[in-house]
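The values are calculated or read from the model by the stated rules, or taken from the named source; none is laboratory data. Quick caveat: nothing in here was measured; it's all calculated off a predicted structure. FYI the Cβ positions are ideal-geometry reconstructions off the backbone, even for glycines, and counts take in every protein chain you see.
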Amino acid sequence: MRRHHILLPLAALLATLPLLLHGCSCGHDFGFHLQSWLEAAQQLRHGTLYPHWAWTAAYNAGEPRFVYYPPLSWMLGALLTLLFPISATPAIYTWIAFTAAGFAMHHLARQYTSPNAALLAAALYMANPYMLFNAFERTAYAELLAAAWIPLLLLAVLRKHPTVQGIAIPVALLWLTNAPAAVMACYMLALLAAVRLIAAYRVSKKTFSPKPFPLLLTISTGTVLGLALPAFYLVPAAYERRYVQIAMAIIPNMRFEDNFLFGHTADVPHNVVLHTISLLAVVLLLLTLGTIAVLLYRAPKAGCAQEARASASHQEPGTPGPYLALLTVVIVFLLVPISTPLWRYLPDLAFLQFPWRLLTILSAVLVFAIALLLPRGDRSRKPMLIAAPVCVLALSLLGITLYRQACEATGLPSATAALFSTHHGVPPTDEYTPNEADNDVLRSNDPGYWLTPNPAAFAPGTIPNPAATDPNFSGELPVEQTVSAQAPRHLVLNLAQPETLVLNLRDFPDWRLTRNGTELPAHLQRDDGLLAIALPSGPSTIDIAWHYTLDQQLGIAISACALALLGLTFLRSRKIKDCR
């Protein structure tokens, strides 16, 4: 076993040490992710290997959260929830994300520098300030894990001879982990690929070498394959966006124009976070610009020797400085209001919400640039081995001091798990709410179903939602008012007269309802979005099942074909290596 296989997990443990000593940090997205893990874990226990519906959301009326949210982070969280105590799961998840990020940066840096420099770069990347901000203040667990794939994509597009699988795998992993990270990473890939192709074309004109069509073919094929591999998630998520209020993800305060550096909104707590991340962004930008300036200054002196060493060791030649400089300049531009037209018109860029999310890429650029400047001689071996754990521990202690969020008693993992197991529902997620549903009308203590002659009637004895009468209400409902029941999946009724059956289940096109074995295509409209059907008198056997629609079946088929093609590319690359 190589040295870094042991040292990097230990370094990640040091980065996670504050969580192990002081308990979890209940950051901005902590409750959302924890609830998703518990939900997915329960469905895994019951044999649903790939959940689509989050049952406890919308006060047990549910929402199609798992159709739209990439599966890798919540599936990992669910598996950890099944294997470990819930109180330890957030720290273990964070450790895994740090470890993966460290290995990815080590793999990138090792292609251009010495093993010791790569080890120190890996340590710096897993504990870089923005990584710790995501881990401790935002607890944006999906974005935290997605940071591990950015160095792999950088390596794939910067290496002398890109490969199809080298590009496809990180692209697929990004889309399976976090959609905003995948969007900005794909734009990064497009930018660097375009610059490489232009440079290759100019060289080919001067040297009369073949045009850069092989490079174009490799990068485009790798990108398409990378998008096809997660098609089982990506196709339904893209197609079925029309069924939910996805635009609620970019309401005021959550829009890109509200979140440029040092922006100001009407939300005071949001402004505090925006000020914190703006200061962090300025520090990272200054460090990156300074590091790249030194790197470019040294490049003419070190370039020839570096090429010779790379050729002798059969490594890729290292000239990534200009590409890193270009990425940094573009990120600086996108963090300020002058870039508004790009945010507005480039496809899906607005759904990043926060321009400062680009610090995920900037952090990888900064650490990679530092790695290229680190000394490579044997004399630096011991100092780097000492510096790696010291930097990780110092940065993590500073990060937990600056970014740790206190937990309320009801927000602790143990309390959340206890409420989850006692039929308490949780509020709906606005962007995953079906189109015709109004969350301000939905009541929080509905029974699993009720019968009524009036399709618009609420269940007897339920408490009106305060938001229905007070548009300024933004507080949380008392826990005792969120005890509700989930709709039964099988129901037998014998009605003396026609009635409307209302189920505590949000109406969504993927639900297939049958009465006495015959599908019921027509549902009655309700303001709260609950599923309602008109029943005649007499016996009725109602069955409710999730229906795999054509887009979901198509996505699975595309992913299966892409996986087979990926296997063929690996076999082909092995044969080429054997021939050499």
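What are the residues in segment 481-505 that are surrounded by fewer than 18 Cβ atoms within 10 Å (Cβ to Cβ) and aliphatic (A, V, I, L, M), if any?
Across segment 481-505, the qualifying residues are Val483, Ala485, Leu491, Val492, Leu493, Leu495, Ala496.
Tell me the residue from Val171, Val195, Val183 that is hydrophobic (A, V, I, L, M, F, W, C) and modelled with pLDDT under 95, please.
Exactly one of Val171, Val195, Val183 is hydrophobic (A, V, I, L, M, F, W, C) and modelled with pLDDT under 95, namely Val195.
A quick yes/no check of all residues on (1) touching a Phe, Trp or Tyr at 6+ places or on another chain (Cβ under 8 Å); (2) at pLDDT 95 or above; (3) basic (Lys, Arg):
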position: Thr207; (1), (2), (3): no, no, no
position: Pro210; (1), (2), (3): no, no, no
position: Leu215; (1), (2), (3): no, no, no
position: Gly226; (1), (2), (3): yes, yes, no
position: Pro230; (1), (2), (3): yes, yes, no
position: Tyr239; (1), (2), (3): no, yes, no
position: Ile251; (1), (2), (3): no, no, no
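Output the number of residues of segment 453-480 satisfying the condition of being part of a helix (DSSP H, G or I) and either more than 33 Å from the chain's Cα centre (by Cα) or crowded, with 17+ Cβ neighbours inside 10 Å (or both).
2
With respect to Val390, is the statement that it is part of a helix (DSSP H, G or I), without any contact (Cβ under 8 Å) to a residue 40 or more places away in the chain and in the same structural domain as Leu132 (by TED's automatic domain parsing) true?
yes
Got a number for residues in segment 248-277 being over 26 Å from Phe333 (Cβ atoms) and either assigned to a helix (DSSP H, G or I) or touching a strand residue (DSSP E or B) at 6+ places or on another chain (Cβ under 6 Å) (or both)?
3
Being in a helix (DSSP H, G or I) and touching a Ser or Thr at 6+ places or on another chain (Cβ under 7 Å) is the filter here, so list the residues in segment 127-141 that pass it.
Hits for segment 127-141 are Tyr130, Met131, Leu132, Ala135, Phe136, Tyr141.
Helices (runs of 4 or more DSSP H) wholly in segment 1-118 with at least 1 residues that are touching a residue at least 40 places away in the same chain (Cβ under 8 Å), at positive phi and surrounded by 24 or more Cβ atoms within 10 Å (Cβ to Cβ) - which ones?
57-60
Can you confirm whether segment 163-172 contains a residue that is more than 16 Å from the chain's Cα centre (by Cα), assigned to a helix (DSSP H, G or I) and under 23 Å from Ile331 (Cα atoms)?
The answer is yes, given that some residue of segment 163-172 is more than 16 Å from the chain's Cα centre (by Cα), assigned to a helix (DSSP H, G or I) and under 23 Å from Ile331 (Cα atoms).
Scan segment 166-187 for residues that are more than 13 Å from Arg357 (Cα to Cα), of a type in the set (A, V, I, L, M, F, W, C) and surrounded by 22 or more Cβ atoms within 10 Å (Cβ to Cβ) and report the count.
The number of residues fulfilling the criteria is 8.
Name the residue that is farthest from the chain's Cα centre (by Cα), counting only residues in segment 136-162 that are over 28 Å from His22 (Cβ atoms) and among the aliphatic types (A, V, I, L, M).
Result: Leu158.
Out of all the residues in segment 358-371, which are more than 15 Å from Leu153 (Cβ to Cβ) and crowded, with 24+ Cβ neighbours inside 10 Å?
Once the filter is applied, which keeps residues that are more than 15 Å from Leu153 (Cβ to Cβ) and crowded, with 24+ Cβ neighbours inside 10 Å, segment 358-371 yields Leu359, Leu366, Ala369, Ala371.
Farther than 21 Å from Phe133 by Cβ, in contact (Cβ under 8 Å) with a residue 40 or more places away in the chain and either touching an Asp or Glu at 6+ places or on another chain (Cβ under 9 Å) or not polar (S, T, N, Q) (or both): which single residue out of Leu280, Leu216, Leu225 fits that description?
After ruling out the rest, the residue left standing is Leu225.
Which number in (1) outside the structural domain of Cys186 (by TED's automatic domain parsing); (2) in a helix (DSSP H, G or I) marks the one condition that Leu397 misses?
Exception for Leu397: condition (1).
Would you check if Arg110 is in contact with a helix residue (DSSP H, G or I) (Cβ under 8 Å, 6 or more places away or on another chain) and either modelled with pLDDT of 95 or more or not β-branched (Val, Ile, Thr) (or both)?
yes
Checking the structure you have, find out if any residue of segment 539-546 is outside any strand (DSSP E or B) and of a type in the set (A, V, I, L, M, F, W, C).
no
Is there a residue being under 28 Å from Gly461 (Cα atoms) and surrounded by 18 or more Cβ atoms within 10 Å (Cβ to Cβ) anywhere in segment 559-570?
No: segment 559-570 contains no residue that is under 28 Å from Gly461 (Cα atoms) and surrounded by 18 or more Cβ atoms within 10 Å (Cβ to Cβ).
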